[in-house]
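Contents: one structure, followed by commentary.
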Number of protein chains: 2
Amino acid sequence: MAKFQKLTSRSEDYSKWYNELVVKADLAEQSAVRGCMVIKPYGYAIWEFIQAQLDKRFKETGHVNAYFPLLIPKSFLSREAEHVEGFAKECAVVTHHRLKNDPNGKGVIVDPDAKLEEELIIRPTSETIIWATYKNWISSYRDLPILCNQWANVMRWEMRTRLFLRTAEFLWQEGHTAHATQEEAIAEAEKMLEVYADVAENIMAIPVIKGIKSPNERFAGAIETYCIEGLMQDGKALQAGTSHFLGQNFAKSFDVQFLNKENQYEYVWATSWGVSTRLMGALIMTHSDDNGLVLPPHLAPIQVVIVPIFKDEDQLKQLMEKITPLEQQLKALNVRVKVDNSDKQTPGYKFADYELKGVPIRLALGMRDLENQTIEVARRDTLTKETKNLDGIVDYIANLLEEIQQNIYKKALDFRMQSTREVDDYETFKKEIVKGGFLLCHWDGTPETEEKIKAETKATIRCIPLEPLPGHDNKPGKCMVTGKPSKQRVVFAIAY
Amino acid sequence: MAKFQKLTSRSEDYSKWYNELVVKADLAEQSAVRGCMVIKPYGYAIWEFIQAQLDKRFKETGHVNAYFPLLIPKSFLSREAEHVEGFAKECAVVTHHRLKNDPNGKGVIVDPDAKLEEELIIRPTSETIIWATYKNWISSYRDLPILCNQWANVMRWEMRTRLFLRTAEFLWQEGHTAHATQEEAIAEAEKMLEVYADVAENIMAIPVIKGIKSPNERFAGAIETYCIEGLMQDGKALQAGTSHFLGQNFAKSFDVQFLNKENQYEYVWATSWGVSTRLMGALIMTHSDDNGLVLPPHLAPIQVVIVPIFKDEDQLKQLMEKITPLEQQLKALNVRVKVDNSDKQTPGYKFADYELKGVPIRLALGMRDLENQTIEVARRDTLTKETKNLDGIVDYIANLLEEIQQNIYKKALDFRMQSTREVDDYETFKKEIVKGGFLLCHWDGTPETEEKIKAETKATIRCIPLEPLPGHDNKPGKCMVTGKPSKQRVVFAIAY
């Protein structure tokens with residue numbers, strides 16, 4: 001089957017490997033609508049696990065979910081000047097509200113009589129419509145803070161799209177909070193950055209650098225943008241989540257004031273923060289290999305697959321007498337286990353398919369195993385196999401899942417640490433940046449220097465790290481380009 | 001506060017009562033975009049409980065979630081002739097993909113150079129885009145069945161909108177399944193009707209009649225539409241969910257064939273089924289009263305609220321010594337409990353607020369209770385209060401929640417049974433229908449008779465019941481209008 005033609009290898013063509021993997025592992029595919037993807041059930045199941053982990057943490061930190069309209073009046077986008085400058089241009093515009101039968105033939109046409117008075121924009125992000133709403137919710141300090149999140153689809157009319165990484169429509173969550181003080185809003189933005197880093201590292205097994213963006217890379221309308229940055233296997237950086245301190249910008253644009261305890265009117269302080277289905281791209285490009293997807297057990301829809309090797313119904317029956325109790329015991333430990341005893345595919349086909357789909361542990365049981373009271377345990381992360389005694393196998397598997405989770409993270413962290421180098425002069429930088437990875441360099445803090453570096457090398461400042469990276473420090477130095485003073489090294493990379 | 005101005009009573013103006021309740025109980029409100037609502041956190045939390053109950057049952061019955069594009073090419077809507085006839089007219093049309101700065105002034109305008117070659121429609125429902133996708137997923141009987149669901153927003157440009165009941169944008173789930181045989185597809189459509197009825201009756205406490213639609217009321221493109229119908233307190237019917245057997249209509253329109261076991265090509269058999277945020281409207285109008293929302297405990301974000309009655313910090317401290325362990329014990333039984341010991345509002349304000357929001361049980365504890373080892377228990381459904389001994393209160397509360405759930409259902413069922421009458425002649429029908437409720441009548445099965453009745457009385461056939469209603473039978477008779485033979489009584493009502 002075409003599905004099992006070997007994947008293009010990563011060394012041959014990383015980009016092609018990625019595109020093939022996403023489709024062959026049944027994660028997503030292009031739709032009939034330009035730039036919009038279909039998220040297939042297996043890919044969506046992984047996204048649901050990511051969602052559940054995030055949503056749990058949002059609620060634990062006092063947030064509530066709500067839902068705001070998909071469409072935004074065009075005039076709203078002009079309200080916050082920087083916001084519209086940085087954003088609102090490439091987006092889907094609704095101009096009419098009716099179709100009618102084509103009088104000249106078959107099919108339907110847009111009814112010219114149903115033109116909207118004001119065009120509506122499919123939300124590229126919801127700050128404007130949400131702050132227009134918050135205006136009605138906030139009058140006193142008693143109404144604050146408001147800690148809302150929404151799970152939604154958004155749309156940005158991207159010219160060049162890639163599944164999960166950059167699509168016209170994508171799924172995300174966007175938190176929008178309103179506070180009485182600047183300090184509280186900043187603390188909120190930082191808290192949500194920690195939530196994102198926690199999910200990225202401990203659930204997705206993706207090591208991330210927490211930092212703040214340089215002014216050039218800031219969200220349109222933000223005072224400060226916090227971010228987590230991951231390093232993909234091909235040496236490119238990927239921004240995995242952002243949290244913005246918006247100051248009073250949106251409150252001023254939408255005139256949202258509150259009466260403080262001193263009975264004076266003040267503008268409200270805001271944050272917004274979001275992660276999207278782009279995380280699926282980060283997950284794939286951090287862990288997977290030439291055989292297909294590699295999933296951290298915490299996110300694997302199937303954590304353990306059990307494949308009996310049998311020639312006939314009678315053999316299968318004997319094998320199932322061992323397998324069924326094993327399945328039950330694993331389920332009792334909340335392990336997501338699947339028994340694949342279908343006779344439609346060969347064991348070889350099944351092995352390749354579960355490998356492609358990144359199932360962390362594959363167990364195989366044949367007639368000889370039955371005699372010997374053994375079972376074959378194959379790990380997806382290391383591609384190693386071993387024969388284990390059936391005694392104590394349940395605990396072994398449960399522990400092994402955790403070990404795989406840790407191992408996948410460590411592997412990615414080792415790779416990132418090896419790929420992170422300090423560079424002190426611009427000529428070396430130009431040679432090193434093309435090799436990929438994170439370069440830690442001094443920068444004079446000016447947009448001009450940042451732009452020059454970007455124009456000449458395509459590298460951008462991924463972030464100004466909040467903490468020293470392992471084995472590095474955050475001490476001052478001199479800009480590698482201009483020699484002017486630099487407060488600390490910043491992270492440069494070529495980014496997705 | 002304006003919030004606690006008494007609600008308009010139901011007897012005074014049911015429609016006004018509903019609109020006020022939705023806003024005052026913090027469920028939803030109108031947005032700046034015509035016909036689109038904001039679902040507020042409290043309303044959204046209830047919707048999340050409904051979602052969770054449905055999603056669990058979808059997965060238990062073998063379904064998986066996926067995500068398909070928001071936008072549908074205009075030409076797709078013309079493919080299934082009946083579908084476009086019944087549907088596609090009032091919908092949001094995307095014609096452009098870019099804004100630009102207005103050269104004549106401030107703000108942004110639609111860039112005329114960014115006109116789409118083919119207009120895109122915001123999905124009013126997703127049969128067309130999904131069947132265009134399934135074409136690529138299905139080639140053999142081995143690929144079947146496909147049992148996908150999606151949670152999504154959809155848009156229908158309704159002229160007159162009401163919060164939850166009829167909004168331009170709403171949230172829903174839509175299941176779309178593909179099968180090798182007609183029998184299997186019909187069984188699927190019927191199975192999902194049972195799932196909907198289960199959630200409506202056992203979780204939402206809404207009694208529903210399961211039935212099939214008359215041809216006039218069928219979904220555009222369906223061979224058979226199954227539905228559940230509820231009766232609201234004002235005597236109007238509300239369709240709470242539908243499940244469609246689509247035959248091979250969409251498979252033919254999108255040319256989706258499979259190779260069967262006999263190695264012959266056949267068109268695939270389809271179903272689709274959905275419920276939406278309209279269920280929130282059904283929930284409100286089935287149970288609530290003139291004091292506000294009444295929530296069945298299974299869906300209440302707060303099931304029990306505990307309010308200490310105190311004059312100073314010292315009293316509060318003494319009360320909290322009883323309340324904190326009570327809270328812990330209730331939480332240990334998975335009761336969603338909230339302790340409101342804020343000193344910003346008076347107990348009276350709090351009581352009215354939790355009543356308005358439909359919290360099933362309110363516990364109040366004052367200093368005299370402390371002396372007597374008692375606590376006041378107030379039930380939202382009956383508006384009764386009693387003083388109970390603190391001994392054994394935890395089990396009492398846990399049981400009471402279940403009792404309230406049953407009582408709410410029973411009350412609604414009693415109301416429906418009282419409001420359901422057999423009527424055998426058309427003159428009586430005309431008098432009775434204006435009183436509201438379900439009328440069980442014989443009908444000759446023709447669209448003409450149905451249309452005549454609708455034109456003359458506004459009543460429609462809500463469904464042809466699948467089972468006899470309690471106290472009634474499904475025996476044949478004669479049409480109340482034409483006297484022609486009728487297979488069984490059908491349910492007439494004025495509907496939302």
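Among residues of the range A:412-428 that are closer than 19 Å to residue A:381 by Cβ, those with a Cβ under 8 angstrom from a residue that is assigned to a helix (DSSP H, G or I) and not hydroxyl-bearing (Ser, Thr, Tyr), sequence gap 6+ or separate chain, pair up as A:412/A:287.
Of the listed requirements (1) of a type in the set (Val, Ile, Thr); (2) assigned to a strand (DSSP E or B); (3) more than 10 Å from chain B (Cβ to nearest Cβ), residue A:125 misses just one: (2).
Taking first residues from the range A:48-65 that are touching a residue at least 12 places away in the same chain (Cβ under 8 Å) and partners that are of a type in the set (Val, Ile, Thr), the Cβ contacts under 6 Å between residues at least 6 apart in sequence or on separate chains come to A:53/A:199; A:53/A:203; A:54/A:199; A:57/A:195. Figure legend. Inter-residue proximity from the range B:485-496: first residues among the basic types (Lys, Arg), second residues assigned to a loop (DSSP other than H, G, I, E, B), beta-carbon distance below 6 Å, spacing 6+ or different chains. Indicated pairs: B:487/B:476. Residues in the range B:467-496 that are surrounded by 14 or more Cβ atoms within 10 Å (Cβ to Cβ) and not in a strand (DSSP E or B): how many? Summing the residues that are surrounded by 14 or more Cβ atoms within 10 Å (Cβ to Cβ) and not in a strand (DSSP E or B) in the range B:467-496 gives 11. Going by the conditions given, is residue B:23 more than 9 Å from chain A (Cβ to nearest Cβ), surrounded by fewer than 23 Cβ atoms within 10 Å (Cβ to Cβ) and on the phi < 0 side of the Ramachandran plot? Judged against the criteria, residue B:23 is a match. If you go through the range B:99-140 and keep only what is in contact (Cβ under 8 Å) with a residue 60 or more places away in the chain and crowded, with 17+ Cβ neighbours inside 10 Å, you end up with B:125, B:127, B:128, B:129, B:130, B:131, B:132, B:133, B:134, B:138.
For (1) more than 7 Å from chain B (Cβ to nearest Cβ); (2) under 20 Å from the mean Cα position of the chain (by Cα), each residue gets a yes or a no:
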| residue | (1), (2) |
| --- | --- |
| A:39 | no, yes |
| A:48 | no, yes |
| A:53 | yes, yes |
| A:58 | yes, yes |
| A:89 | no, no |
| A:94 | no, no |
| A:97 | no, no |
| A:113 | yes, no |
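Scan the range A:135-160 for residues that are closer than 30 Å to residue A:32 by Cβ and within 12 Å of chain B (Cβ to nearest Cβ) and the total you get is 10. Of all the numbered requirements in (1) under 26 Å from the mean Cα position of the chain (by Cα); (2) more than 7 Å from chain A (Cβ to nearest Cβ); (3) not in a loop (DSSP other than H, G, I, E, B), residue B:84 misses one, and that requirement is (2). Residue B:92 satisfies every condition listed in (1) without any contact (Cβ under 8 Å) to a residue 60 or more places away in the chain; (2) among the small types (Gly, Ala, Ser); (3) under 18 Å from residue A:118 (Cβ atoms) except (1).
I'd like the full set of residues that are part of a loop (DSSP other than H, G, I, E, B) and within 12 Å of chain A (Cβ to nearest Cβ), limited to the range B:1-20.
Residue satisfying the conditions is B:1 alone.
Which of the following residues is farther than 30 Å from residue A:248 by Cβ and among the hydroxyl-bearing types (Ser, Thr, Tyr): A:95, A:133? Selected residue: A:95, the only one of A:95, A:133 that is farther than 30 Å from residue A:248 by Cβ and among the hydroxyl-bearing types (Ser, Thr, Tyr). Tallying residues that are among the polar types (S, T, N, Q) and at pLDDT 95 or above within the range B:203-228 yields 2.
The sole residue among A:149, A:153 that is surrounded by fewer than 20 Cβ atoms within 10 Å (Cβ to Cβ), part of a strand (DSSP E or B) and in the same structural domain as residue A:265 (by TED's automatic domain parsing) is A:153.
The values are calculated or read from the model by the stated rules, or taken from the named source; none is laboratory data. Predicted model only: the values in this text are computed from it and were never measured. Backbone-built Cβ (ideal geometry, glycine too); neighbour counts: all protein chains shown.
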